[in-house]
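Q: My questions will all concern the structure given below.
Please treat every number below as a calculation from the coordinates, not as lab data. Just so you know, these numbers come straight off a predicted model, no measurement behind them. Ideal geometry is used to build each Cβ from the backbone, glycine not excepted, and the neighbour counts take in all protein chains shown.
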């Protein structure tokens, strides 16, 4: 009887550890896929960024009144275009599953739940 309780507690601890490690690794991978972390700066601001594949992303960066479209890859950073404010137009967000996937574990689970509810 005591052995079975000990085995159950050990199994529960292992499951909790696996869930926690999954959560931590998901957050780490999401930050890694973004290509860069947002940090505070007095003179620059990352307006938007999007992953384009493994180790590739683009970002829209504002410095003062200037906007720059910058590409990031494993081999370096490339200035793709200098834009004016009138060149920018906010795009509508896609609501289908697979688009605009959240980068946090909770957001991913909520998105999966929404997808499952739509299929019912």
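Q: Exposure proxy check: 105, 115 ranked by fewest other beta carbons within 10 Å?
A: So the ranking, lowest neighbour count to highest, is 115, 105.
Q: Something else: Starting from 0.36 nm per residue, how many nanometres of slack lie between residue 68 and residue 2 once their C-alpha separation is accounted for?
A: 17.2 nm
Q: Between residue 117 and residue 27, what FRET efficiency comes out of the Förster formula 1/(1 + (r/R0)^6) with R0 = 30 Å and r the beta carbon distance, rounded to 0.05?
A: 0.75
Q: Then there's this: May I have the pair-distance distribution P(r) for segment 37-87, computed from all Cα-Cα distances with 5 Å bins from 0 and rounded to whole percent?
A: 5, 20, 29, 26, 15, 5, 0
Q: Could you list 23, 43, 28 in order of exposure, starting from the residue whose Cβ has the fewest other Cβ atoms within 10 Å?
A: On the way: 23 13, 43 7, 28 10.
Ascending Cβ contact count within 10 Å gives the list 43, 28, 23.
Q: Sort 47, 61 so that the residue with the fewest other Cβ atoms within 10 Å of its own Cβ comes first and the one with the most comes last. Walk me through the numbers on the way to the answer.
A: Numbers: 47 12, 61 17.
In increasing order of surrounding Cβ atoms, one gets 47, 61.
Q: Spin-label point model (7 Å from Cα, Cβ direction): what's the residue 48 to residue 75 distance in nm?
A: Using points 7 Å along Cα→Cβ, the separation is 2.7 nm.
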